[in-house]
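Written below as C-alpha cells is the structure these notes are about.
Nothing in this text is a laboratory measurement; each read-out follows from the coordinates by a stated rule. Just so it is clear, the model here is predicted, and its values are computed rather than measured. In this analysis, Cβ positions are derived from the backbone assuming ideal geometry, glycine residues included, and neighbour counts consider all displayed protein chains.
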Amino acid sequence: MSFHSKVSAKYKCQITAVTAKQLSTVYHIGSLKRPSKKSFSLEGAGVSVSVDPLAWRKIVKLGGHDVWKLEKANPKFLVWSESNNKKALKWTMQNAWLIEATRYQTSYYDEEMEDDMVSEYDTREEAEQEAGDGEVTEIKSYKLGQKGLDYWKKTFSSKPSNSVAIGLAIVWYAEAHDFDGVWWQDTYDPSRLSAPRGVIFDITKWKKTKLKEGEYSDHHSENDY
C-alpha cells in the first residue's frame, strides 16, 4: 500500500529554483556512518541531504543530532521532474528493476494535510477492505522486478513493497548514470512537513565539516514560493 498527494507535480516541485552551484554545499543531519540496512527510504541507500537544515531538523524531529556541511565543486544532480521520472521509469522497465502490473487505487481527503490523497494496493480485495464505501479503481502501475527486489533485500530491512517501489526509479536511474545524487525541489513549507531535499550516493567524494549550533541556516524561506 502507498499514500501520496493528488496535487500536481508543478505545485510540489519548483524545478527552476535550484542550480548546481547552490547544491555544491548541502547539509546532512545525523551520523555519516551508514547502517548496514535502512528500514526503508525513498532515497535508497544514499545519504539524505538538504540546503535547509533548520527546516528538516524540525520536520523529522532531529534536534540534538550532529549537522554536517558537505561540499563538492560542480556536483551533478538529477533533479526530479515529470519528464526525468518518465525517463527513469522507462529505463527501469527495460532493465528489470520494475515491471508493469495491475494495481488498485482508492482516494480520500486528509484533513491534517488539507489535501486529496490516494492509496494503492496489490489486490482488489485489499483496496475494497480499506475503501469501505469509497470507490476502487483498477490502474496500470508497476511492481518490483528481479533487480529491484535484489536491491530492496540488500538495502532495506522491511518487507518488499510494490506500492513504494516506483518512487525508487529515479534513484536507480541516477546512480546507474553517474550522477552524484537526486534532488527533489519540493515546496518549502515546514508546517506541512515539506522542504527541498536530496540524496547523494558516494559520501567519499564530498568534503565533510561538522558544524556547531548557529553555523548553519536555511537557504529557502516561505517567501520564495
Computed [θ] at 222 nm, helices only, for the chain once each DSSP H run of length n ≥ 4 contributes -39500 (n - 2.57): -6500 deg cm²/dmol
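So if we plug the beta-carbon distance of T204 and A101 into 1/(1 + (r/R0)^6) with R0 = 35 Å, what FRET efficiency do we get, rounded to 0.05? Don't skip to the answer; put the middle values down first.
Working: r = 37 Å, r/R0 = 1.05.
My answer for the efficiency is 0.45.
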Distance between the stretch 201-218 and the stretch 106-147 - C-alpha centres, whole angstrom: 38
Positive-end residue of S50, I99, T25, charge dipole of the chain with Cβ unit charges: T25
Exposed-site-free run, longest, the chain (rule: trypsin sites (Lys or Arg not before Pro); DSSP loop; at most 12 other C-beta within 10 Å): 62-211
Kirkwood estimate for the stretch 130-189, i.e. one over the average of 1/r between Cα atoms, Å: 14.2
Max mean-square fluctuation residue, GNM over the chain, Cα-Cα springs under 10 Å, options A45, A176, A195: A176
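If I stretch the segment between T123 and D189 completely, what's the gain in nm (0.36 nm per residue apart, minus their alpha carbon distance), one decimal?
Details: separation 66, 0.36 × 66 = 23.76 nm, distance 3.46 nm.
Net length gain for the segment: 20.3 nm.
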Nearest 10 degrees, 0 to 90: helix 146-155 Cα axis against the chain principal axis: 50
